[in-house]
(Lines give C-alpha, C1' and ligand atoms only; values in the text may rest on other atoms or scores of the structure.)
Protein backbone atom coordinates (compact mmCIF):
# COMPACT_ATOMS: atom_id res chain seq x y z
CA UNK A 1 0.00 0.00 0.00
CA UNK A 2 1.39 3.47 -0.88
CA UNK A 3 2.56 5.64 2.02
CA UNK A 4 -0.11 8.26 1.25
CA UNK A 5 -2.86 5.65 1.55
CA UNK A 6 -1.52 4.52 4.93
CA UNK A 7 -1.41 8.10 6.15
CA UNK A 8 -4.93 8.78 4.95
CA UNK A 9 -6.23 5.83 6.95
CA UNK A 10 -5.08 7.62 10.11
CA UNK A 11 -6.35 11.07 9.11
CA UNK A 12 -9.13 12.71 11.11
CA UNK A 13 -10.69 15.54 9.11
CA UNK A 14 -13.16 18.31 9.93
CA UNK A 15 -14.83 20.94 7.76
CA UNK A 16 -15.50 24.58 8.60
CA UNK A 17 -17.98 26.84 6.83
CA UNK A 18 -19.13 30.39 7.65
CA UNK A 19 -22.82 29.83 8.24
CA UNK A 20 -25.64 27.95 6.54
CA UNK A 21 -28.47 30.39 5.93
CA UNK A 22 -29.38 28.92 2.52
CA UNK A 23 -28.24 26.08 0.27
CA UNK A 24 -26.59 27.61 -2.78
CA UNK A 25 -23.19 27.53 -4.49
CA UNK A 26 -20.71 27.47 -1.60
CA UNK A 27 -22.88 25.07 0.40
CA UNK A 28 -22.98 22.69 -2.58
CA UNK A 29 -19.17 22.77 -2.71
CA UNK A 30 -19.02 22.09 1.05
CA UNK A 31 -21.43 19.18 0.64
CA UNK A 32 -19.37 17.67 -2.18
CA UNK A 33 -16.14 17.87 -0.17
CA UNK A 34 -17.73 16.51 2.99
CA UNK A 35 -19.28 13.60 1.05
CA UNK A 36 -15.76 12.33 0.33
CA UNK A 37 -15.30 11.91 4.11
CA UNK A 38 -18.73 10.67 5.28
CA UNK A 39 -17.97 10.66 9.02
CA UNK A 40 -16.50 14.15 9.11
CA UNK A 41 -18.14 16.87 11.23
CA UNK A 42 -18.95 20.37 9.97
CA UNK A 43 -18.35 23.46 12.11
CA UNK A 44 -20.28 26.66 11.40
CA UNK A 45 -20.86 29.87 13.33
CA UNK A 46 -24.62 29.30 13.00
CA UNK A 47 -27.10 27.55 10.73
CA UNK A 48 -30.77 27.29 9.86
CA UNK A 49 -31.76 23.63 9.95
CA UNK A 50 -34.46 24.24 7.32
CA UNK A 51 -31.77 24.75 4.70
CA UNK A 52 -29.93 21.49 5.28
CA UNK A 53 -33.05 19.32 5.38
CA UNK A 54 -33.00 16.93 2.45
CA UNK A 55 -29.44 17.90 1.44
CA UNK A 56 -26.23 15.84 1.76
CA UNK A 57 -25.20 18.04 4.71
CA UNK A 58 -27.98 16.51 6.80
CA UNK A 59 -25.95 13.33 7.39
CA UNK A 60 -23.01 15.12 9.03
CA UNK A 61 -22.70 16.22 12.66
CA UNK A 62 -22.94 20.03 12.71
CA UNK A 63 -21.34 22.09 15.49
CA UNK A 64 -22.12 25.76 16.04
CA UNK A 65 -20.88 28.69 18.15
CA UNK A 66 -22.54 30.95 20.70
CA UNK A 67 -24.09 32.93 17.81
CA UNK A 68 -26.55 30.09 17.22
CA UNK A 69 -28.42 31.18 20.36
CA UNK A 70 -28.59 34.90 19.50
CA UNK A 71 -31.92 36.51 18.56
CA UNK A 72 -32.74 36.38 14.83
CA UNK A 73 -29.40 34.68 14.12
CA UNK A 74 -30.88 32.15 11.69
CA UNK A 75 -32.61 34.72 9.49
CA UNK A 76 -30.59 37.92 10.08
CA UNK A 77 -27.08 36.54 10.47
CA UNK A 78 -25.56 39.62 8.78
CA UNK A 79 -26.43 41.62 11.91
CA UNK A 80 -23.70 39.72 13.72
CA UNK A 81 -20.99 40.14 11.10
CA UNK A 82 -18.74 42.15 13.47
CA UNK A 83 -18.74 39.15 15.85
CA UNK A 84 -18.02 36.54 13.17
CA UNK A 85 -14.18 36.69 13.38
CA UNK A 86 -14.32 36.12 17.13
CA UNK A 87 -16.95 33.41 16.77
CA UNK A 88 -15.04 31.40 14.16
CA UNK A 89 -11.97 31.38 16.42
CA UNK A 90 -14.02 29.60 19.11
CA UNK A 91 -14.36 26.33 17.17
CA UNK A 92 -12.66 23.46 19.01
CA UNK A 93 -10.77 21.66 16.25
CA UNK A 94 -8.20 20.05 18.52
CA UNK A 95 -9.16 16.39 17.74
CA UNK A 96 -8.46 16.67 14.00
CA UNK A 97 -5.38 16.20 11.85
CA UNK A 98 -6.73 18.09 8.84
CA UNK A 99 -9.08 21.07 8.80
CA UNK A 100 -10.70 22.04 5.50
CA UNK A 101 -12.37 25.44 5.53
CA UNK A 102 -14.91 26.48 2.91
CA UNK A 103 -14.56 30.24 3.03
CA UNK A 104 -16.21 33.29 1.51
CA UNK A 105 -15.89 35.41 4.66
CA UNK A 106 -14.44 34.19 7.96
CA UNK A 107 -14.11 30.37 7.84
CA UNK A 108 -10.44 30.45 6.87
CA UNK A 109 -9.72 32.29 10.14
CA UNK A 110 -10.10 29.22 12.36
CA UNK A 111 -7.28 28.56 14.80
CA UNK A 112 -5.19 25.43 14.30
CA UNK A 113 -2.04 24.07 15.94
CA UNK A 114 1.31 23.75 14.20
CA UNK A 115 0.80 19.99 13.84
CA UNK A 116 -2.58 20.40 12.10
CA UNK A 117 -2.92 20.90 8.35
CA UNK A 118 -5.30 23.68 7.30
CA UNK A 119 -6.55 23.63 3.70
CA UNK A 120 -8.90 26.43 2.66
CA UNK A 121 -11.20 26.36 -0.36
CA UNK A 122 -11.72 30.08 -0.96
CA UNK A 123 -14.87 31.00 -2.88
CA UNK A 124 -13.88 34.67 -2.71
CA UNK A 125 -11.99 37.08 -0.48
CA UNK A 126 -14.52 38.78 1.80
CA UNK A 127 -16.46 40.67 -0.89
CA UNK A 128 -18.27 43.22 1.27
CA UNK A 129 -15.02 44.22 2.99
CA UNK A 130 -13.01 44.61 -0.24
CA UNK A 131 -14.71 44.73 -3.65
CA UNK A 132 -18.15 45.87 -2.50
CA UNK A 133 -16.89 48.22 0.21
CA UNK A 134 -18.38 51.38 -1.27
CA UNK A 135 -21.77 49.83 -1.84
CA UNK A 136 -22.17 47.19 0.85
CA UNK A 137 -25.78 46.44 1.76
CA UNK A 138 -27.17 49.01 -0.67
CA UNK A 139 -25.90 51.93 1.43
CA UNK A 140 -23.10 50.62 3.62
CA UNK A 141 -19.97 52.70 3.75
CA UNK A 142 -21.50 55.33 1.47
CA UNK A 143 -24.18 56.20 4.01
CA UNK A 144 -23.79 59.42 5.93
CA UNK A 145 -23.98 60.08 9.64
CA UNK A 146 -23.36 57.59 12.40
CA UNK A 147 -24.48 54.59 10.32
CA UNK A 148 -21.95 55.23 7.55
CA UNK A 149 -19.16 55.99 10.01
CA UNK A 150 -19.85 52.79 11.95
CA UNK A 151 -19.91 50.73 8.74
CA UNK A 152 -16.56 52.15 7.63
CA UNK A 153 -14.95 51.43 11.00
CA UNK A 154 -16.29 47.87 11.15
CA UNK A 155 -15.24 47.08 7.59
CA UNK A 156 -11.80 48.56 8.23
CA UNK A 157 -11.21 46.13 11.08
CA UNK A 158 -12.73 43.25 9.11
CA UNK A 159 -10.18 43.90 6.35
CA UNK A 160 -7.31 43.87 8.84
CA UNK A 161 -8.52 40.60 10.37
CA UNK A 162 -9.26 39.08 6.96
CA UNK A 163 -5.75 39.77 5.72
CA UNK A 164 -4.19 38.43 8.94
CA UNK A 165 -6.33 35.28 8.91
CA UNK A 166 -5.14 34.36 5.42
CA UNK A 167 -1.72 33.62 6.95
CA UNK A 168 -3.29 30.85 9.05
CA UNK A 169 -3.90 28.72 5.94
CA UNK A 170 -1.34 26.13 4.84
CA UNK A 171 -2.82 25.34 1.43
CA UNK A 172 -5.15 27.72 -0.39
CA UNK A 173 -7.52 26.70 -3.19
CA UNK A 174 -9.42 29.13 -5.42
CA UNK A 175 -12.66 28.30 -7.19
CA UNK A 176 -11.59 30.07 -10.42
CA UNK A 177 -8.65 31.83 -12.03
CA UNK A 178 -10.51 35.08 -11.37
CA UNK A 179 -10.62 34.41 -7.62
CA UNK A 180 -6.97 33.26 -7.67
CA UNK A 181 -6.01 36.69 -9.04
CA UNK A 182 -8.04 38.41 -6.32
CA UNK A 183 -6.41 36.20 -3.66
CA UNK A 184 -3.00 37.19 -5.00
CA UNK A 185 -3.95 40.88 -4.86
CA UNK A 186 -5.68 40.77 -1.46
CA UNK A 187 -3.65 38.21 0.50
CA UNK A 188 -0.37 38.02 -1.48
CA UNK A 189 -0.88 34.25 -1.60
CA UNK A 190 -0.79 31.80 -4.49
CA UNK A 191 -3.80 29.50 -4.81
CA UNK A 192 -4.36 26.35 -6.83
CA UNK A 193 -7.55 26.46 -8.89
CA UNK A 194 -10.09 23.66 -8.50
CA UNK A 195 -13.37 24.53 -10.15
CA UNK A 196 -16.55 23.78 -8.14
CA UNK A 197 -18.52 20.59 -8.81
CA UNK A 198 -21.53 20.68 -11.10
CA UNK A 199 -24.01 17.79 -11.11
CA UNK A 200 -24.10 17.65 -14.90
CA UNK A 201 -25.94 14.33 -15.05
CA UNK A 202 -28.98 15.81 -13.28
CA UNK A 203 -29.87 17.67 -16.47
CA UNK A 204 -31.18 16.71 -19.92
CA UNK A 205 -30.01 18.96 -22.77
CA UNK A 206 -32.39 17.62 -25.43
CA UNK A 207 -35.82 18.84 -24.30
CA UNK A 208 -37.84 21.26 -26.41
CA UNK A 209 -37.16 24.88 -25.48
CA UNK A 210 -40.03 27.17 -24.43
CA UNK A 211 -40.24 30.89 -25.09
CA UNK A 212 -38.99 32.30 -21.78
CA UNK A 213 -35.70 33.35 -20.22
CA UNK A 214 -34.64 32.33 -16.73
CA UNK A 215 -32.88 33.78 -13.67
CA UNK A 216 -31.98 31.63 -10.66
CA UNK A 217 -30.42 33.77 -7.96
CA UNK A 218 -30.56 35.10 -4.45
CA UNK A 219 -32.37 38.43 -4.71
CA UNK A 220 -29.68 40.63 -3.23
CA UNK A 221 -28.25 43.87 -4.58
CA UNK A 222 -24.91 42.70 -5.97
CA UNK A 223 -26.56 39.97 -8.09
CA UNK A 224 -28.03 42.80 -10.23
CA UNK A 225 -31.31 41.05 -10.90
CA UNK A 226 -32.77 44.57 -11.08
CA UNK A 227 -31.17 45.28 -14.44
CA UNK A 228 -32.39 41.90 -15.78
CA UNK A 229 -35.94 42.72 -14.71
CA UNK A 230 -35.66 46.19 -16.23
CA UNK A 231 -34.29 44.90 -19.54
CA UNK A 232 -36.89 42.17 -20.01
CA UNK A 233 -39.72 44.46 -18.97
CA UNK A 234 -38.54 46.90 -21.61
CA UNK A 235 -38.15 44.22 -24.29
CA UNK A 236 -41.46 42.58 -23.43
CA UNK A 237 -39.79 39.16 -23.37
CA UNK A 238 -41.02 36.50 -20.91
CA UNK A 239 -38.73 36.16 -17.89
CA UNK A 240 -39.01 33.72 -14.98
CA UNK A 241 -37.22 34.65 -11.74
CA UNK A 242 -36.50 31.88 -9.22
CA UNK A 243 -35.12 32.91 -5.85
CA UNK A 244 -35.83 34.93 -2.76
CA UNK A 245 -34.11 37.67 -0.82
CA UNK A 246 -34.37 41.21 0.54
CA UNK A 247 -34.73 42.78 -2.92
CA UNK A 248 -37.81 40.78 -3.87
CA UNK A 249 -40.46 43.42 -3.13
CA UNK A 250 -38.50 46.13 -4.97
CA UNK A 251 -38.03 43.87 -7.99
CA UNK A 252 -41.72 42.96 -8.12
CA UNK A 253 -42.67 46.63 -8.07
CA UNK A 254 -40.43 47.47 -11.04
CA UNK A 255 -41.33 44.39 -13.10
CA UNK A 256 -43.48 44.53 -16.21
CA UNK A 257 -46.26 42.06 -17.07
CA UNK A 258 -43.91 39.61 -18.81
CA UNK A 259 -41.84 38.99 -15.66
CA UNK A 260 -42.95 36.14 -13.39
CA UNK A 261 -41.58 35.53 -9.87
CA UNK A 262 -41.67 31.98 -8.52
CA UNK A 263 -39.93 32.62 -5.20
CA UNK A 264 -38.00 29.71 -3.76
CA UNK A 265 -38.25 26.51 -5.83
CA UNK A 266 -37.09 22.99 -5.14
CA UNK A 267 -34.25 21.39 -7.10
CA UNK A 268 -36.51 19.48 -9.46
CA UNK A 269 -38.40 22.63 -10.44
CA UNK A 270 -35.11 24.44 -11.12
CA UNK A 271 -33.95 21.54 -13.31
CA UNK A 272 -37.25 21.62 -15.23
CA UNK A 273 -37.06 25.35 -15.92
CA UNK A 274 -33.39 25.17 -16.94
CA UNK A 275 -34.12 22.35 -19.38
CA UNK A 276 -36.96 24.33 -21.02
CA UNK A 277 -35.76 27.96 -20.98
CA UNK A 278 -34.76 29.81 -24.14
CA UNK A 279 -31.79 31.33 -22.31
CA UNK A 280 -30.32 31.76 -18.85
CA UNK A 281 -29.31 35.24 -17.64
CA UNK A 282 -26.53 36.26 -15.21
CA UNK A 283 -25.90 39.95 -14.53
CA UNK A 284 -23.53 39.75 -11.53
CA UNK A 285 -19.74 39.79 -11.46
CA UNK A 286 -19.58 36.16 -10.33
CA UNK A 287 -16.61 34.50 -8.64
CA UNK A 288 -17.44 31.31 -10.54
CA UNK A 289 -21.20 30.96 -11.08
CA UNK A 290 -22.44 27.38 -10.67
CA UNK A 291 -25.93 28.15 -11.99
CA UNK A 292 -24.55 29.28 -15.38
CA UNK A 293 -22.78 25.93 -15.75
CA UNK A 294 -25.90 24.05 -14.62
CA UNK A 295 -27.90 25.89 -17.28
CA UNK A 296 -25.38 24.83 -19.93
CA UNK A 297 -25.60 21.24 -18.68
CA UNK A 298 -29.34 21.55 -19.40
CA UNK A 299 -28.54 22.73 -22.94
CA UNK A 300 -29.47 26.37 -22.33
CA UNK A 301 -27.63 29.32 -23.83
CA UNK A 302 -26.27 31.82 -21.30
CA UNK A 303 -26.32 35.61 -21.38
CA UNK A 304 -23.71 36.76 -18.87
CA UNK A 305 -21.95 39.88 -17.71
CA UNK A 306 -18.52 39.59 -19.31
CA UNK A 307 -16.42 39.66 -16.18
CA UNK A 308 -15.30 37.26 -13.49
CA UNK A 309 -15.96 33.56 -13.52
CA UNK A 310 -18.30 33.71 -16.53
CA UNK A 311 -15.27 34.26 -18.77
CA UNK A 312 -14.05 30.81 -17.69
CA UNK A 313 -17.38 28.97 -17.96
CA UNK A 314 -19.20 30.45 -20.98
CA UNK A 315 -17.84 30.43 -24.55
CA UNK A 316 -18.88 33.65 -26.29
CA UNK A 317 -20.72 32.94 -29.54
CA UNK A 318 -20.79 29.18 -28.92
CA UNK A 319 -22.55 28.51 -25.60
CA UNK A 320 -23.78 32.05 -24.94
CA UNK A 321 -23.02 35.76 -25.27
CA UNK A 322 -21.54 38.42 -23.01
CA UNK A 323 -22.53 42.01 -22.30
CA UNK A 324 -19.75 44.30 -21.12
CA UNK A 325 -21.48 46.94 -19.01
CA UNK A 326 -23.93 46.38 -16.17
CA UNK A 327 -26.86 48.32 -17.54
CA UNK A 328 -30.20 47.45 -19.12
CA UNK A 329 -29.30 48.88 -22.55
CA UNK A 330 -26.31 46.55 -22.91
CA UNK A 331 -28.33 43.58 -21.68
CA UNK A 332 -31.13 44.31 -24.17
CA UNK A 333 -28.58 44.29 -26.98
CA UNK A 334 -27.14 41.01 -25.70
CA UNK A 335 -30.60 39.37 -25.70
CA UNK A 336 -31.17 40.45 -29.29
CA UNK A 337 -27.68 39.28 -30.26
CA UNK A 338 -28.27 35.84 -28.75
CA UNK A 339 -31.53 35.51 -30.65
CA UNK A 340 -29.73 36.34 -33.90
CA UNK A 341 -27.33 33.42 -33.24
CA UNK A 342 -30.05 30.83 -32.68
CA UNK A 343 -28.85 28.74 -35.63
CA UNK A 344 -25.22 28.57 -34.43
CA UNK A 345 -25.51 28.18 -30.62
CA UNK A 346 -26.47 24.58 -30.01
CA UNK A 347 -27.50 22.68 -26.83
CA UNK A 348 -24.85 20.03 -27.43
CA UNK A 349 -22.11 22.69 -27.34
CA UNK A 350 -23.40 23.93 -23.99
CA UNK A 351 -23.52 20.40 -22.61
CA UNK A 352 -19.93 19.66 -23.64
CA UNK A 353 -18.76 22.88 -22.00
CA UNK A 354 -20.55 22.01 -18.75
CA UNK A 355 -18.91 18.59 -18.62
CA UNK A 356 -15.56 20.30 -18.01
CA UNK A 357 -16.85 21.12 -14.51
CA UNK A 358 -18.29 17.75 -13.53
CA UNK A 359 -18.60 16.40 -9.99
CA UNK A 360 -16.35 13.45 -10.85
CA UNK A 361 -13.54 15.80 -11.89
CA UNK A 362 -13.95 17.82 -8.69
CA UNK A 363 -13.85 14.72 -6.48
CA UNK A 364 -10.61 13.51 -8.11
CA UNK A 365 -8.88 16.87 -7.80
CA UNK A 366 -9.89 17.52 -4.19
CA UNK A 367 -8.99 14.03 -3.01
CA UNK A 368 -5.67 14.20 -4.81
CA UNK A 369 -4.80 17.58 -3.30
CA UNK A 370 -5.70 16.52 0.27
CA UNK A 371 -3.80 13.25 -0.21
CA UNK A 372 -0.63 14.98 -1.45
CA UNK A 373 -0.78 17.79 1.12
CA UNK A 374 -1.36 15.50 4.09
CA UNK A 375 1.34 13.05 2.97
CA UNK A 376 3.89 15.83 2.69
CA UNK A 377 2.78 17.59 5.87
CA UNK A 378 2.87 14.34 7.86
CA UNK A 379 6.33 13.50 6.62
CA UNK A 380 7.98 16.92 6.92
CA UNK A 381 5.77 19.05 9.17
CA UNK A 382 5.41 21.70 6.47
CA UNK A 383 4.01 22.29 2.99
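The values are calculated or read from the model by the stated rules, or taken from the named source; none is laboratory data. Please read these numbers as outputs of a predicted model, since none were measured by experiment. Note: ideal-geometry Cβ built from the backbone for every residue, glycine included; neighbour counts use all protein chains shown.
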Give me a count of the residues in region 202-246 that are part of a helix (DSSP H, G or I) and in contact with a strand residue (DSSP E or B) (Cβ under 8 Å, 6 or more places away or on another chain).
5
Return the only residue of 383, 370 being touching a strand residue (DSSP E or B) at 6+ places or on another chain (Cβ under 8 Å), farther than 21 Å from residue 274 by Cβ, in contact (Cβ under 8 Å) with a residue 12 or more places away in the chain and outside any helix (DSSP H, G or I).
383
Qualifying residue in region 247-260 (condition: surrounded by fewer than 23 Cβ atoms within 10 Å (Cβ to Cβ), under 26 Å from residue 104 (Cβ atoms), touching a strand residue (DSSP E or B) at 6+ places or on another chain (Cβ under 6 Å) and in the same structural domain as residue 336 (by TED's automatic domain parsing)):
no
Being touching a helix residue (DSSP H, G or I) at 6+ places or on another chain (Cβ under 6 Å), assigned to a loop (DSSP other than H, G, I, E, B) and within 21 Å of residue 131 (Cβ to Cβ) is the filter here; which residues of region 290-313 pass it?
308, 309
Just to be sure before I move on: is residue 200 in contact (Cβ under 8 Å) with a residue 12 or more places away in the chain and under 16 Å from the mean Cα position of the chain (by Cα) in the structure I sent?
no
Among the numbered criteria (1) assigned by TED's automatic domain parsing to the domain that holds residue 125; (2) in contact with a strand residue (DSSP E or B) (Cβ under 9 Å, 6 or more places away or on another chain), which single criterion is violated by residue 325?
(1)
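One line per residue, one yes/no per condition, for (1) modelled with pLDDT of 95 or more; (2) over 17 Å from residue 174 (Cα atoms):
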| position | (1), (2) |
| --- | --- |
| 346 | no, yes |
| 349 | yes, yes |
| 357 | yes, no |
| 362 | yes, no |
Of 14, 21, the only residue that is under 24 Å from residue 364 (Cα atoms), under 22 Å from the mean Cα position of the chain (by Cα) and either at pLDDT below 95 or buried (at least 16 other Cβ atoms within 10 Å of the Cβ) (or both) is 14
